[in-house]
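One structure is given here, and the rest of the page talks about it.
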Amino acid sequence: FAKKRMDKWAGRLDVLLPEEDGCVEAEQIHQCRIAGKKMRYVLELFFPQEAEPLVAALKQWQALLGSIHDSETHRRCLFFKQGEGLLPVQACALLTGWEASQAAQARKQVKKQGEAVLRLYWKWRRTR
């Protein structure tokens with residue numbers, strides 16, 4: 001049962017991956033994170049030692065997706081603070097520009113790392 005479920009989540013990840021680097025929407029990131037977490041939890045529970053490299057790759061990819069999500073959240077908070085007069089316009093512009101740059105760099109890696117995770121998964125799955 002667990003393997004069938006993971007196959008389903010892997011298929012979902014494959015569909016959710018952006019078609020080209022850098023073109024990933026917030027909802028895609030969220031859905032990829034969810035599917036990746038579900039896969040990782042099952043692997044950690046049922047195949048803790050056999051799937052170590054795959055779990056490590058999933059954790060790394062989830063950290064990347066999380067950094068993009070965090071960056072988007074930080075930028076929204078900065079705009080709110082600036083709108084409330086709690087942050088000077090120049091500081092808000094500088095910080096949001098930096099956040100946008102960080103998110104753009106991370107977005108470029110989403111597809112490549114996601115594809116690497118899926119390759120590891122299907123390689124691992126063929127041996128089970």
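The values are calculated or read from the model by the stated rules, or taken from the named source; none is laboratory data. Please read all numbers here as calculations on a predicted model, not as lab measurements. Virtual Cβ from ideal backbone geometry, glycine too; neighbours counted across all protein chains shown. What goes into the accessible areas is simple: the full protein's heavy atoms, side chains included, and nothing from ligands, DNA or RNA. Shrake-Rupley method; radii C 1.70, N 1.55, O 1.52, S 1.80 Å.
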Item checked: Förster radius 35 Å - calculated FRET efficiency between Trp122 and Asp70, Cβ distance, rounded to 0.05 -> 0.75
Notebook entry, point to check: Mind listing which GluC sites (Glu not before Pro) in the range 14-76 are in a DSSP loop and have 15 or fewer other Cβ atoms within 10 Å?
Noted result: Glu19, Glu20, Glu25, Glu50
Notebook entry, point to check: Lys112: which lysines have alpha carbons under 16 Å from its alpha carbon, excluding same-chain residues fewer than 8 sequence positions away?
Noted result: Lys59
Check: Here are some values of Cα Rg over 2.2 N^0.38 Å: [x] 1.25; [y] 1.30; [z] 0.99. Which one was computed from this structure?
Finding: [x]
Notebook entry, point to check: Can you put Thr127, Thr96, Thr73 in order of accessible area, largest first, using a 1.4 Å probe?
Noted result: Thr127, Thr73, Thr96
Margin query: Along the Cα→Cβ direction, 7 angstrom out, place labels at Ala26 and Ala63. What is the inter-label distance in nm?
Written below: 2.5
Notebook entry, point to check: Counting only protein heavy atoms, what percent of the accessible surface of the chain is carbon or sulfur at a 1.4 Å probe?
Noted result: 56
Next item on the list: Provide the per residue accessible area, probe 1.4 Å, for the range 40-105, rounded to a whole number of square angstrom.
Entry: 62
Note to self: Given the -39500 (n - 2.57) contribution per DSSP H run of 4+ residues, what per-residue ellipticity at 222 nm results for the chain, rounded to the nearest 500 deg cm²/dmol?
What the structure shows: -29500 deg cm²/dmol
Check: Would you list Val117, Val15 from the most to the least accessible area, probe 1.4 Å?
Finding: Val15, Val117
